[in-house]
Amino acid sequence: MSPLQPASATPLPTFFPPRARITIAGAGAIGCTLATRLAAAGHQVSLLARGNTLRAVREQGLRLDDLSGSTCATVQADAAPVFGVQDLLFLCSKSQDLPDLAASVGPLIGPNTVIVPTPNGVPFWYFHHAGGRFDGQSVRAVDPHGVLPRLLPLDQVIGAVVFITAELSAPAQVLSRTPHLMMLGEPSGAMSPRLRGLCELLSGAGIEARALERIRDKLWTKVMANLTSNPLSVVTGATLEEIYTQPALLATVRQVMHEVMLTACAYGARLDFDPLEFLRLGAGMGAVRTSMLQDYERGRPLELAAIGEAVIELAERYELPTPATRSLLALARWRGAERSRLAA
C-alpha cells in the first residue's frame with residue numbers, strides 16, 4: 001500500500017521542510033541516483049565524495065539516465081562533512097565501509113537528523129527495538145567492534161531496503177533501467193511522522209517509497225536475493241538469468257534459499273512470497289551481472305559479511321545448520337583473495 005494519502009484526503013503533516021537539507025554520504029551508483037533525484041526535486045542536496053567522482057561532480061554535476069529520461073543536477077560536493085547539520089542523511093556505502101563512513105559524518109548529525117543507512121544485508125541495527133531474547137544486541141559480522149551505535153544514534157535511524165538497480169557509466173553519471181523503489185520502516189515498527197514524511201519526500205522526487213510496519217520482513221527477502229546470487233556470481237561468473245535457470249547452479253541456489261528461509265522464520269519474519277516465483281523473478285532479470293561480480297572484477301572488497309556471514313551468525317544463535325551457505329561463502333572469499341593476491 002502506498003504511504004501517501006489519496007489526493008482527496010487531508011494531507012499528512014509535513015515532517016521535512018519543503019527544501020530539506022539532505023546529505024548523501026557515498027557517491028556510488030545508489031548515492032548518485034538519490035542525489036540527482038532529490039536535487040532535481042528542489043532539495044538542498046550535498047554529496048560526500050572523493051577522487052575522480054568529486055572532481056566530476058564539481059566540474060559537470062550529476063547525470064542520471066533512467067526510465068524517466070535524462071536528469072542533470074548540480075549539488076554541493078566535498079570530501080569532508082562541511083555542510084552543517086542536516087535534516088536527512090543517507091549513508092550509501094558497502095556494509096564493510098560503514099564504520100569508517102559513520103566516523104566521518106558526525107558534524108552532519110543533529111538531534112533531529114533522520115539517518116537512513118542503505119547497505120545490503122543484515123543491518124547493524126537489526127536488534128534495536130526488536131523485542132525478544134536478543135533485543136538490543138549487536139550483529140558482530142557487520143559491526144565487529146560495536147562502534148556503530150556510538151557513532152549513529154539508533155533512535156534516529158530508519159531502516160531501508162533498496163530496490164534500485166543502477167550502475168556508474170562514468171564518475172557522477174548513472175544508468176538505471178528499472179523503477180526506483182525503497183521500502184522504509186522504523187526499527188520499532190512505528191508508523192511515525194518522520195517515516196511518513198520521508199516516504200513523501202522520496203515519492204516527490206520520483207522514487208517510489210513504501211512505509212512498512214515490519215521492515216525486517218523485507219530485509220530478509222532482500223538478503224535471500226543477495227545471498228543466492230551475489231557470491232555465486234563471483235564463483236561462477238554467471239548472470240542472474242544463468243544463476244536462476246541453470247540446473248548446475250539452481251541446486252546451490254535452492255539449498256541456500258532454504259537455509260535463509262529457516263533462519264528468517266526463527267526470528268519471526270513473515271516471508272510473503274512463493275519460492276518458485278522467487279526463482280522465476282530472478283531468472284527474469286536477464287543477463288545482469290551482480291554488483292558483487294562487478295566489485296570482484298574491479299578488485300574491490302566483497303560485501304560478504306552483511307550478506308552472508310551475518311546470516312550464519314544469526315543461524316548459530318538458534319543452532320540452525322547452514323552448510324550450503326558456508327561452502328558458498330568460503331568459495332567466494334577464496335576467489336576474492338586470489339584475485340587480490342594476483343593483483344598485488
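The values are calculated or read from the model by the stated rules, or taken from the named source; none is laboratory data. All figures in this text were calculated on a predicted structure; none of them were measured in a lab. For neighbour counting, all protein chains shown are included, and Cβ atoms are generated from backbone atoms with ideal geometry for every residue, glycine included. Just so you know, the surface numbers come from the protein's heavy atoms only, side chains and all, with ligands and any DNA or RNA stripped out. Shrake-Rupley method; radii C 1.70, N 1.55, O 1.52, S 1.80 Å.
Of these, GLU213, GLU208, GLU186, GLU167, which one is touching a helix residue (DSSP H, G or I) at 6+ places or on another chain (Cβ under 7 Å) and at pLDDT 95 or above?
Exactly one of GLU213, GLU208, GLU186, GLU167 is touching a helix residue (DSSP H, G or I) at 6+ places or on another chain (Cβ under 7 Å) and at pLDDT 95 or above, namely GLU186.
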*Taking segment 289-344 on its own, how many of its residues are assigned to a loop (DSSP other than H, G, I, E, B), of a type in the set (Val, Ile, Thr) and farther than 23 Å from GLU242 by Cβ?*
1
*Residue in segment 18-51 that is nearest to ASP87 (Cα to Cα), counting only those that are in a loop (DSSP other than H, G, I, E, B) and touching a Cys at 6+ places or on another chain (Cβ under 7 Å)*: GLY26
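How many residues does segment 81-131 contain that are among the small types (Gly, Ala, Ser) and under 25 Å from THR14 (Cα atoms)? Show your work before the answer.
Just the residues of segment 81-131 that are among the small types (Gly, Ala, Ser), to begin with: 84, 93, 95, 102-104, 106, 110, 121, 130-131.
Restricting the remaining residues to those that are under 25 Å from THR14 (Cα atoms) gives 84, 110.
Number satisfying all stated conditions: 2.
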*Give me the pairs, please: first residue somewhere in segment 285-296 and at positive phi and free of Cβ contacts under 8 Å to residues at least 60 places away in the same chain, second residue anywhere and surrounded by 15 or more Cβ atoms within 10 Å (Cβ to Cβ) and assigned to a helix (DSSP H, G or I), beta-carbon distance under 7 Å, and either six or more positions apart or on two chains.*
GLY286/LEU240; GLY286/GLU241
*Could you grab me the full set of residues in segment 103-136 that are polar (S, T, N, Q) and either assigned to a helix (DSSP H, G or I) or over 30 Å from SER46 (Cα atoms) (or both)?*
SER104
*If you take the residues in segment 245-296 that are charged (D, E, K, R) and under 22 Å from the mean Cα position of the chain (by Cα), which one is modelled with the lowest pLDDT?*
ASP272
*Hits in segment 117-170 - residues which are among the acidic types (Asp, Glu) and open to solvent by 30 Å² or more (accessible area, probe 1.4 Å)*: ASP135, ASP155, GLU167
*Top-ranked residue of segment 309-344 - restricted to ones that are open to solvent by 80 Å² or more (accessible area, probe 1.4 Å) and of a type in the set (Gly, Ala, Ser), ranked as nearest to GLU297 (Cα to Cα)*: ALA343
*Count of residues meeting criterion [part of a helix (DSSP H, G or I) and crowded, with 21+ Cβ neighbours inside 10 Å] in segment 243-252*: 1
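Could you check, for segment 41-52, whether at least one of its residues is in contact with a Lys or Arg (Cβ under 7 Å, 6 or more places away or on another chain) and on the phi > 0 side of the Ramachandran plot?
Yes, some residue in segment 41-52 is in contact with a Lys or Arg (Cβ under 7 Å, 6 or more places away or on another chain) and on the phi > 0 side of the Ramachandran plot.
Output yes when any residue across segment 126-140 is under 28 Å from GLY206 (Cβ atoms) and in contact (Cβ under 8 Å) with a residue 60 or more places away in the chain, and no when none is.
Within segment 126-140, not a single residue is under 28 Å from GLY206 (Cβ atoms) and in contact (Cβ under 8 Å) with a residue 60 or more places away in the chain.
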